[in-house]
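See below for the structure under consideration.
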Amino acid sequence: MAKILINDVTLRDGSHAVCHQLTKKQIAVYAKAAERAGIPVVEVGHGNGLGASSLQIGESLLPDMEMLKTARESLVNSKLGVLIIPGIATINKDLRKAFEVGVDVVRVASHCTEADITERHISYVRERGKEVYGVLMMSHMATTEILVEECHKLKAYGAEGVVLMDSAGAYLPGDVMERISTLVANLKIPVGFHAHNNLGMAIANSIAATEAGATILDGSMRGFGAGAGNAQLEVLCAVLGKMGYQTGIDLYKVLDAGEIAEQELVQITPAPKGISIVSGLSGVFSGFSKHVDRIAKEYNVDPRDILFELGRRKVVAGQEDIIIEVAVNLWRKNEH
Amino acid sequence: MKDPHKKLKVAILGSGNIGTDLLVKVLRSSYLECALFIGRSLSSPGMTKAISLGVPVSDLSIDVIMKDPDCCNLVFDATSALYHKHHANILDELGKFVIDLTPSRVGTMAIPAINLRECLHCKDVNVVTCGGQASIPLAYVIGQIHKDVSYIEVISTIASRSAGAATRINLDEYIETTEEGIRLFSGCNNAKAILNLNPAQPCVDMQTTIFAKVKKPYLEKLRNAIDSMVKKIQCYVPGYELIVPPVMENDRIVIMVRVKGRGDYLPSYAGNLDIISCAAIAVAEEYAKATIEKVSA
């Protein structure tokens, strides 16, 4: 059976779940647990990756480089990964420094139709001889044909593999199957999938992706991630093992890492609740949920109305500011 | 200035989205005449448009100006940041007044609502970025009213369709140049810029949000000052509109503006093209007026 590369996003997507307030101790303890379990790649940082600490998305407790240094000290066989979104972070300000700290794997992400903004960043990583993947976020917003085209661009820029993110947790297994199988048939480089659990489909969608030929899967302990969380990594490893896929991860130790994550990082275990379910239905970025919740209370409007309006306006990741505009407009409408 | 022969001769270097939008605006100007529209390929969409408008064109890039330096007095550079670094030296030697529409950070930053007159004494004027033109005047006002601004962040979202190849390859320069402009004009040393491309159909209008952290906000005073600044900007960017006046949200000042374009080249959603070429035209017309005054004096 095929070998699946597991990319652990607990310390990156999980940042969304705690408003990017991960501490040094939490990062160190969890990175050690991941290392013991034999997890191949541990992605670390702000929820939206390098340079994303901001009023728009949320300010990090620790500077990026401190997070990365801390994780670096705990990782030996597991690789240290980062996510970078052009438009938020730059090579000079962010990526260069990440290499100084000793990052092994870089994933360069764009909205699913905008792959050409990743060219310089992918080339930069490639020129430094490091591993680089191209990521398409909010992939439910594009047709399969467009995703194929965009992935071809990522490949041409030098990406060793491509990852589709279901950033809004909007897919059902059939959607994943169709997209991933088409990409696998067209690309000849590894294809990956990153799930969110807004509609309770994270594990089912991840399995659909592997059955369709994906060989890279993202997951996080206890599902610790934005909104309703990601594919729960311990479950994913167990299910993949049961199906006969190889991950190279030790079952008992990954289960132990899950316990450690729960004790040390996870304040509230992510689950599909009202806001996240509506975010999945309306196709809105999972990372918006905490902002929507807060702003809805401030303006005394229904957060679900905000989400459906954001979905109608087809906002993309990074457009958190529009939540305020939508809430202000709903509030004005309610007042008059 | 009614006499068309007295218009200032300008050349536009770069036939992409920005260069072509600029061309339409130059053709409408009472002070400017497009002597040459320059690109690298006669078959590009911008070039085709220029030819259809009867404008003299060339596909020889900067070489055509080097061969015939007298063809123009002013050069708009709408190529890319990397190219401008190369063009800047050549145009400086030729003694041209240059308005740079790329995020190269070579010349003096110009925000017409703030420092129009001062810029005319420089040789290379940089109109920052679209997000910079939309946000810097507001950041400047925030800095004028509050002396304790600890942080300013600006987020712009533009329609994917409006972002051409050079814009896409220059995202890093966009961010770093916009941040420098914010720091320079607001006096706040801590600034961050974010740019989003949104592919929604129908295309979204350009929209910019400013967040600022201050110890003690003076919202009433700020609202009035922002209103006057918006009116000032509207004099040269007619589609500039305040959509969320200064409010406090989560301990930060929030201001949001939308920029609709005039639909000169791309449709009206491309406010990002419009605002940067409007700023460039504002500088060029002011320069033209000053030059003509000097000549007639």
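All of the numbers you see were taken from the coordinates with simple rules; none came from a lab. Model, not experiment: these values are computed from the prediction. Heads up, the Cβs are rebuilt from the backbone with ideal geometry, glycines too, and the neighbour counts pull from every protein chain shown.
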Exercise. Helix A:321-335 sits at what angle to the longest principal axis of chain A, using alpha carbons and giving 0 to 90 degrees rounded to 10?
Worked result: 20 degrees
Problem set entry | Filter on A:Lys24/A:Lys79; A:Lys153/A:Lys253; B:Lys85/B:Lys260; A:Lys155/B:Lys192; B:Lys232/B:Lys289; A:Lys32/B:Lys192 - keep pairs with C-alpha separation over 28 Å | A:Lys153/A:Lys253; B:Lys85/B:Lys260; A:Lys155/B:Lys192; A:Lys32/B:Lys192
Problem set entry | 5 angstrom amide H check on A:His196, placed H, neighbours 5+ away | A:Asp166, A:Gly169
Problem set entry | A:Asn7 long-range amide H proximity, modeled H, under 5 Å | A:Leu217, A:Asp218, A:Gly219
For this session: Under 18 Å Cα to Cα from B:Lys294, which lysines show up? Leave out anything in the same chain fewer than 8 places away.
Result: B:Lys2, B:Lys6, B:Lys7, B:Lys9, B:Lys96, B:Lys123
Seminar exercise, completed: One finds, for A:Met65 and B:Ala165 with R0 = 30 angstrom and r their Cβ-Cβ distance, a FRET efficiency to the nearest 0.05 of 0.40
Problem set entry | Given charges at Cβ of Lys, Arg, Asp, Glu: chain B dipole, positive-most of B:Thr177, B:Pro245, B:Val24 | B:Pro245
Problem set entry | region B:7-99: radius of gyration over Cα atoms, expressed as a fraction of 2.2 N^0.38 Å | 0.96
Seminar exercise, completed: Given unit charges at Cβ for Lys, Arg (+) and Asp, Glu (-), the dipole magnitude of region B:45-91 about its Cα centre in debye, nearest 20, is 140 debye
For this session: Mind putting together the pair-distance distribution for region A:5-264? All Cα pairs, 10 Å bins, whole percent per bin, short to long.
Result: 8, 35, 39, 18, 1
Exercise. When you take every Cα atom in chain B, what is the radius of gyration, and what is Dmax, the widest Cα pair distance, in Å?
Worked result: 18.7, 58
Problem set entry | Loop-resident sites, region B:195-268, for trypsin sites (Lys or Arg not before Pro), counting at most 14 other Cβ within 10 Å (DSSP) | B:Lys215
Exercise. Which of the aspartates and glutamates could be linked to B:Lys25 by a straight reach, that is with a Cα gap under 17 Å, when you skip same-chain ones fewer than 8 residues away?
Worked result: B:Glu33, B:Asp77, B:Asp100, B:Asp264, B:Asp274, B:Glu285, B:Glu286
Exercise. 222 nm [θ] for chain B, helices only, -39500 (n - 2.57) per DSSP H run of 4+, per residue, to 500?
Worked result: -13000 deg cm²/dmol
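Compute the signed sum of charges (Lys and Arg +1, Asp and Glu -1) over the other residues within less than 9 Å, Cβ to Cβ, of A:Phe99. All intermediate terms of the calculation are to be shown ahead of the outcome.
Values: positive: A:Arg96, A:Lys97, A:Arg128, A:Lys130; negative: A:Glu100.
That works out to +3.
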Seminar exercise, completed: Cα convex hull volume per residue for region B:97-190, in Å³, equals 96 Å³
Exercise. With charges only on Cβ, +1 for K and R and -1 for D and E, what is the dipole size of chain A about its Cα centre, in debye, rounded to 20?
Worked result: 340 debye
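What translational diffusion coefficient, in µm²/s and rounded to a whole number, does the Stokes-Einstein relation yield for region B:236-297 at 25 °C and a viscosity of 0.890 mPa s, taking the hydrodynamic radius as the Kirkwood radius over Cα pairs?
Numbers: Rh = 13.9 Å.
In µm²/s, the coefficient rounds to 177.
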Problem set entry | Reduced Cα scattering model of the protein assembly as shown, Debye log10 I(q)/I(0), q = 0.05, 0.06, 0.07, 0.11 Å⁻¹ | -0.23, -0.33, -0.45, -1.04
For this session: Quick one: order B:Asp264, B:Asp100 by neighbouring beta-carbon count within 10 Å, fewest to most.
Result: B:Asp264, B:Asp100
Problem set entry | Whole-Hz ³J(HN,Hα) from phi, Karplus 6.51 cos²θ - 1.76 cosθ + 1.60, for region A:76-88, glycine and proline x | 10, 8, 6, 7, 9, x, 9, 10, 9, 10, x, x, 10
Exercise. Over region A:174-313, with a single point scatterer placed on each C-alpha, what log10 of the ratio I(q)/I(0) does the Debye formula yield at q = 0.13, 0.14, 0.16, 0.18 1/Å?
Worked result: -0.63, -0.72, -0.88, -1.02
For this session: Taking amide H positions as placed in the peptide plane 1.01 Å from N, state which residues far from A:Ala109 in sequence (5 or more) or on other chains have amide H under 5 Å from it.
Result: A:Ile84, A:Ile85, A:Val135
Exercise. Which value at 222 nm does chain A reach when only helices count, each DSSP H run of 4 or more adding -39,500 (n - 2.57), with the total divided by all residues and rounded to the nearest 500 deg cm²/dmol?
Worked result: -14000 deg cm²/dmol
Exercise. Just going by the charge dipole of the protein assembly as shown, with Lys and Arg at +1 and Asp and Glu at -1 on Cβ, which of A:Asn77, A:Ala185, A:Gly158 is farthest out on the positive end?
Worked result: A:Gly158
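Which value, in debye to the nearest 20, gives the size of the charge dipole of region B:33-145 about its Cα centre, when Lys and Arg are +1 and Asp and Glu are -1 at the Cβ?
The calculation lands at about 280 debye.
Can you put B:Met47, A:Met138 in order, fewest other beta carbons within 10 Å first?
Lowest to highest Cβ neighbour count: B:Met47, A:Met138.
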For this session: Could you tell me how many degrees, from 0 to 90 and to the nearest 10, lie between the Cα long axis of helix A:144-157 and the main elongation axis, the longest principal axis, of the Cα atoms of chain A?
Result: 50 degrees
Problem set entry | Rounded D (µm²/s) - region A:1-132, Kirkwood Rh over Cα pairs, Stokes-Einstein at 10 °C, 1.306 mPa s | 108 µm²/s
Seminar exercise, completed: Placing each pseudo-label 7 Å from Cα in the direction of the beta carbon, A:Thr23 and A:Asn92 end up separated by a distance in nanometres of 3.7 nm
Exercise. Does anyone have the angle between helix B:130-145 and the longest principal axis of chain B? Alpha-carbon axes, 0 to 90°, nearest 10?
Worked result: 40 degrees
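Using DSSP to define loop residues, name the trypsin sites (Lys or Arg not before Pro) in region A:180-250 whose beta-carbon has at most 11 other beta-carbon atoms within 10 Å.
Here the trypsin sites (Lys or Arg not before Pro) that fit, given the DSSP loop and packing criteria, are A:Lys188.
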For this session: Any chance you could check the Cα centroid distance between region A:262-279 and region B:31-66 for me, in angstrom?
Result: 57 Å
Exercise. Using mean Cβ contacts within 10 Å as the protection proxy, how do B:168-178, A:277-287, A:25-35 order, highest first?
Worked result: A:277-287, B:168-178, A:25-35
Exercise. Which of the lysines could be linked to A:Lys333 by a straight reach, that is with a Cα gap under 19 Å, when you skip same-chain ones fewer than 8 residues away?
Worked result: A:Lys297
Exercise. log10 I(q)/I(0), Debye, Cα-only region B:130-280, no solvent, q = 0.17, 0.19, 0.20 Å⁻¹?
Worked result: -0.91, -1.12, -1.23
Exercise. For A:Glu262 and B:Lys221, what does the FRET efficiency come to when R0 = 45 Å and r is the distance between their Cβ atoms, rounded to the nearest 0.05?
Worked result: 0.35
Exercise. Going out from 0 in 5 Å bins, what whole percent of all Cα-Cα distances in region A:259-328 drops into each bin?
Worked result: 3, 18, 28, 20, 13, 8, 6, 3, 0
For this session: Could you grab the relative contact order for chain B? Cα pairs under 8 Å, six or more apart, rounded to a whole percent.
Result: 18 percent
Problem set entry | Positive-end extreme of charge dipole, the protein assembly as shown - chosen from A:Leu172, B:Val259, A:Leu5 (charges on Cβ) | B:Val259
Seminar exercise, completed: DSSP beta bridges in the protein assembly as shown: the antiparallel percent, rounded to 5, is 30 percent
Seminar exercise, completed: For peptide A:320-326, the mean count of other chain Cβ atoms within 10 Å per residue Cβ is 6
